[in-house]
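The values are calculated or read from the model by the stated rules, or taken from the named source; none is laboratory data. Note that this is a predicted model, so its numbers are computed, not measured. Cβ coordinates were reconstructed from backbone atoms using ideal geometry, including for glycine residues, and neighbour counts include every protein chain displayed. For accessibility, only protein heavy atoms count, side chains too; no ligands or nucleic acids. Shrake-Rupley method; radii C 1.70, N 1.55, O 1.52, S 1.80 Å.
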Amino acid sequence: MSDIINRYATADDKPAVRTFYMEVCRHQVYDEYGPSWHWGKYPTQDGLAEAVDQQQFLLSLKDGRIMAACQLTVGNDPIYLPFAWPTPIKDDKEIAIIHLYAVHPDFRGQGLSAVLLNYAKEAAKQLGCKVIRMDCKSGNLPARKLYERNGFNYFATAKVRYKDTGPTSCDLLEYVLK
């Protein structure tokens with residue numbers, strides 16, 4: 001894993017980030033579990049570009065190819081406001097949220113998820129956050145187990161109101177940064 005580079009995406013990465021998510025979305029028909037993303041609705045090309053411009057995208061690369069990616073935002077996400085998270089946080093700037101967490105189908109099963117999650121933890125810590133929050137679709141046990149193996153604690157299953165799919169049953173997870 002020493003030849004893997006973790007870094008923030010730059011403007012030059014926009015075409016590769018777009019292609020990465022298009023391929024992940026296209027591959028979902030073959031996946032038993034998955035997020036049920038709909039390219040063009042979520043994620044969108046403009047949404048990805050905006051996140052890259054705001055320095056919110058983290059990448060794990062090998063030989064210049066994106067193997068895994070996620071968006072890391074600071075501040076509570078409005079979709080998470082209805083939930084009583086286990087770690088009380090007074091300042092919104094101390095909450096990081098992971099969105100669009102994905103490993104490219106060509107690189108799955110190689111332990112890359114842990115590499116990107118560890119990088120996201122470091123990045124959130126450097127941004128002054130105390131917790132990272134995320135969700136995965138209920139029933140996506142491989143994803144939930146992956147997050148739990150990497151220190152995230154499951155605390156509830158709840159209906160999350162996504163803009164693209166509406167109310168969706170999700171497992172809510174939190175990682176307390178040390």
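Some points to look at:
- Cβ pairs under 8 Å, 6+ apart, first in region 138-158 and within 14 Å of W85 (Cβ to Cβ) and touching a residue at least 60 places away in the same chain (Cβ under 8 Å), second in a strand (DSSP E or B) and open to solvent by 50 Å² or more (accessible area, probe 1.4 Å): N153/V176
- A Cβ distance below 9 Å, combined with a sequence gap of six or more or placement on separate chains, defines the contacts here; from region 112-129, residues that are among the acidic types (D, E) and in a helix (DSSP H, G or I) reach residues that are modelled with pLDDT of 95 or more and open to solvent by 10 Å² or more (accessible area, probe 1.4 Å) in the pairs E122/N6.
- Within region 32-42, tally of residues that are out of contact with any helix residue (DSSP H, G or I) (no Cβ under 6 Å at 6 or more places or on another chain) and either surrounded by 13 or more Cβ atoms within 10 Å (Cβ to Cβ) or closer than 12 Å to D164 by Cα (or both): 6
- The listed residue being touching a strand residue (DSSP E or B) at 6+ places or on another chain (Cβ under 8 Å) and open to solvent by 40 Å² or more (accessible area, probe 1.4 Å), out of V103, V74, V29, V24: V74
- Of all the numbered requirements in (1) among the β-branched types (V, I, T); (2) touching a strand residue (DSSP E or B) at 6+ places or on another chain (Cβ under 7 Å); (3) open to solvent by less than 40 Å² (accessible area, probe 1.4 Å), V52 misses one, and that requirement is (2).
- The residue that is nearest to the chain's Cα centre (by Cα), among those in region 57-71 that are of a type in the set (G, A, S) and either surrounded by 23 or more Cβ atoms within 10 Å (Cβ to Cβ) or on the phi < 0 side of the Ramachandran plot (or both), is A69.
- Subset of region 127-143 (residues that are of a type outside the set (D, E), open to solvent by 20 Å² or more (accessible area, probe 1.4 Å) and at pLDDT 95 or above): L127, G128, K130
- Single residue of region 85-111 satisfying the filter (assigned to a helix (DSSP H, G or I) and acidic (D, E)) that is farthest from R161 (Cα to Cα): D106
- Selection count, region 53-84, where residues are in a strand (DSSP E or B) and modelled with pLDDT under 95: 1
- Test: G47 is open to solvent by less than 70 Å² (accessible area, probe 1.4 Å) and free of Cβ contacts under 8 Å to residues at least 12 places away in the same chain: yes
- Checking each residue in region 163-175 for being of a type outside the set (G, A, S) and either open to solvent by 60 Å² or more (accessible area, probe 1.4 Å) or at positive phi (or both) picks out K163, T165, P167.
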